[in-house]
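Let me begin by presenting the structure, written as structure tokens, before commenting on it.
The values are calculated or read from the model by the stated rules, or taken from the named source; none is laboratory data. None of the values given here were measured: they were computed from a predicted structure. Glycine also receives a Cβ, built like all others from the backbone with ideal geometry; neighbour counts cover every protein chain displayed. SASA here: full protein model, heavy atoms, side chains in, ligands and nucleic acids out. Shrake-Rupley method; radii C 1.70, N 1.55, O 1.52, S 1.80 Å.
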Amino acid sequence: MALANDPELIIADEPTTALDVTVQAEVLRLLDELRRERNTAVLFITHDFGVVSEIADRVAVMYAGRIVETGRTEEILTEPAHPYTRMLIDCVPVMGEPERRLDAVPGRPPAVNRLPPGCAFADRCPRVEADCRSGEIPLEEKRGSLQARCLHPLQPGEALFGEVITDRPKGRRHELPEANASGPDAHGPLP
Amino acid sequence: MSEDAHLIEMRDLARTFGGGRTVFGARKPQLTAVRGVSLDLAKGETLGIVGESGCGKSTLARMLVGLDRPTAGGIRLDGEDLSSSGTKALARRVQYVFQDPVSSLNPRQTIREILEAPMRHLLGLGRAEREARLAKLIEDVNLRPEFLERYPHEFSGGQAQRIGIARALAAEPDVVVLDEPVSALDVSVQAQVLNLLDRLKRERGLTYVFISHDLAVVESIATRVAVMYFGEIVETAPARAMFKAPLHPYTKLLIDSAPVPNRKRGTLGGDSGELPDPYDPPPGCPFAARCPRVEADCRETMPPLETKNRGENHRAACFHPLTWP
Ligand SMILES: Nc1ncnc2c1ncn2[C@@H]1O[C@H](COP(=O)(O)OP(=O)(O)OP(=O)(O)O)[C@@H](O)[C@H]1O
Ligand code: SF4
Ligand code: SF4
Ligand SMILES: [Mg+2]
């Protein structure tokens, strides 16, 4: 990692994604040391929630070019308000929880040059209602440290489909059907 | 079939690259990518193979599917030595799914042509029969029939990987070797492919070898795990036992290094990450330079992969394995 002139801000764009776990752990340790010793701010871009836990005080979740939720790390990871954050967390296997059901996020993000009116996540959201499909949805304070861009945010402990979770769902995985029924290029360029 | 009916037996498999002499007679350097792997594959299991980059996972996988030949050692399938039966017999029963879904498909062929090839060449099926199987196959991997007339570049990574899986299944194999099948996919798509693999295995009674460097993924899908280090298997155990209480210090290092959501780990003990020189391997344990439990005897001879105090199925190659309460 290149570090010249005692920076005040380090922007690290997926710096450990291609690394082995042991090397990754070492890089994260060094970065953490650096920010503590020199009071450097770190903007760390990643898709790995484990790495987020390890390094971040605060998290911003992006979707289709915008921040859809932000807040303190523990709060976002345990009880997010935005349905997209919840779904993203639920689709990744977690070490130590091999029985956990993996729920894929159906469909694909819209092309950023062809965003629908209203919420960009509406086509994939299990909580979508009519009001989600029009107007500008602002990033607003929800609860605790959380701000989210959502008209029907999750309450603490609430499952995506409305029922209260007493225990995380376990057992067999289930699959989603091919989500975008109009073919592979219905949503513009592929990710 | 009983638990211990081994579908595949690997014995002392080794693969060396380089070596020999140049035209001027100088020795070329020789690198051993896989050094003496003995491993059995039981029908119906999902064997996860984990280990860091360059430890020999893909080289082992390629030998298993007949894309590469071992320098030493042998592979038996249902008791039959594969060096005599040839690669065609092997290809029909053991198929491979590659890491990079799009570039592993021929860009000039339609999905129909890609999926028909193994049916024609390996199974020798006629037109009508192929047609019927194609329809079922494409539905089985959650794709729609009109996709058959399209080309690989028209698909997303997740869809392309499902086509890669369909191609592997087109030959009706017993064993599918999956080499990092979800590593190149977006996290939101990984789950779709993992869930699909899970269902196909149950429906078709498949046996999987699942290679990955992602421990969480392996823990979620594997029934048994083999850990590779420097071309060797250093530990093998049922998946739950391995993750709960590993015997080998390297396995523990891997597990402790993987970041887990909602777990802020204590300080790690500054691992050097130092690997032995593959052109000049040490006589003793290849992990000795990084091992917190190393003693003098570790540097003298290579520890054999053997059972410790944890039953027949849990083996480790270590002179001073971890003890758990
Ligand atoms: N065709 C080849 N010629 C020379 N060396 C090779 C060849 N194939 C592999 N190797 C070497 O053999 C070793 C093992 O490679 P292999 O691809 O099996 O590792 P791997 O565990 O699959 O790694 P990764 O996790 O990065 O995919 C490496 O040192 C590699 O450089
Ligand atoms: S605004 Fe509506 S569609 Fe968008 S995330 Fe919230 S509930 Fe779902
Ligand atoms: S044999 Fe010795 S050096 Fe090798 S892993 Fe075991 S304790 Fe460590
Ligand atoms: Mg590989």
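How charged is the neighbourhood of residue B:10? Take every other residue with its Cβ under 10 Å from the Cβ of residue B:10, and add Lys/Arg as +1 and Asp/Glu as -1.
-1
Label the protein assembly as shown by shape, choosing from rounded, prolate and oblate, from the square roots a ≥ b ≥ c of the eigenvalues of the Cα gyration tensor; if a/c is under 1.5 it is rounded, and otherwise prolate applies when a/b is larger than b/c, oblate when it is not.
Oblate.
With springs only between Cα atoms under 10 Å apart, run a GNM on chain B and tell me which of B:161, B:99, B:109 wobbles the most.
Highest fluctuation of the listed residues: B:109.
Would you work out the charge dipole size for region B:138-183 about its Cα centre, treating the Cβ of every Lys and Arg as +1 and the Cβ of every Asp and Glu as -1, and quote it to the nearest 20 debye?
Here the size comes out at about 140 debye.
Using alpha carbons only, how many angstrom separate the centre of region B:198-268 from the centre of region A:52-103?
Taking the Cα centre of region A:52-103 as reference, the centre of region B:198-268 is 23 Å away.
Which cross-chain or sequence-distant (5 or more) residues have an amide H under 5 Å from the amide H of residue A:118, H modelled 1.01 Å from N in plane?
For residue A:118, the qualifying residues are A:135.
Please report, as a whole percent, how much of the solvent-accessible surface of chain B comes from carbon and sulfur atoms (probe radius 1.4 Å).
After summing per-atom areas, the C and S share lands at 50 percent.
Residues of the protein assembly as shown: accessible area per residue at 1.4 Å, in Å²?
Details: 24450 Å² over 516 residues.
For the protein assembly as shown, the per-residue accessible area is 47 Å².
Find out how many positive minus negative residues lie around residue A:146, taking Lys and Arg as positive, Asp and Glu as negative, among other residues whose Cβ is under 13 Å from that of residue A:146.
0
Would you mind counting up the charge near residue B:172? Only other residues with Cβ under 9 Å from its Cβ, with Lys and Arg at +1 and Asp and Glu at -1. Could you put the intermediate results ahead of the total?
Details: positive: B:92, B:93, B:133, B:204; negative: B:174.
Here the count lands on +3.
Label-point separation (nm) for residue A:134 and residue B:204, each offset 7 Å from Cα along Cα-to-Cβ?
4.9 nm
Just from its helices, what would the mean residue ellipticity at 222 nm be for the protein assembly as shown, if runs of 4 or more DSSP H residues each count -39500 (n - 2.57) and the sum is divided by every residue, rounded to the nearest 500 deg cm²/dmol?
Dividing the helical sum by the residues of the protein assembly as shown leaves -8000 deg cm²/dmol.
Hey, which aspartates and glutamates would be in cross-link range of residue B:308, C-alpha to C-alpha under 12 Å, not counting anything within fewer than 8 residues on its own chain?
B:235
Residue A:46 accessible area, nearest 10 Å², 1.4 Å probe?
Probe radius 1.4 Å; accessible area of residue A:46 about 40 Å².
Assigning unit charges at the beta carbon (Lys, Arg +1; Asp, Glu -1) and nothing else, what dipole magnitude in debye, to the nearest 20, does chain B show about its Cα centre?
That gives chain B a dipole magnitude of about 280 debye.
With the contact rule set at Cα under 8 Å and sequence spacing of 6 or more, what percent relative contact order holds for chain B?
Across chain B, relative contact order equals 19 percent.
Magnitude of the Cβ-charge dipole of the protein assembly as shown, K/R +1 and D/E -1, about the Cα centre, nearest 20 debye?
960 debye
Put +1 on the Cβ of each Lys and Arg and -1 on the Cβ of each Asp and Glu in region B:73-149; which of B:148, B:121, B:134 then has its Cα farthest toward the positive end of the dipole?
B:121
Which residue fluctuates the most in chain B, going by a Gaussian network model with Cα springs under 10 Å, if the choices are B:147, B:24, B:243?
Between B:147, B:24, B:243, it is B:24 that shows the largest mean-square fluctuation.
Interface size between chain B and chain A, please: total buried accessible area, 1.4 Å probe, rounded to the nearest 100 Å². Mind showing how you got there, number by number?
Values: alone 16270 and 12300 Å², together 24450 Å².
So the buried area, both faces added, is about 4100 Å².
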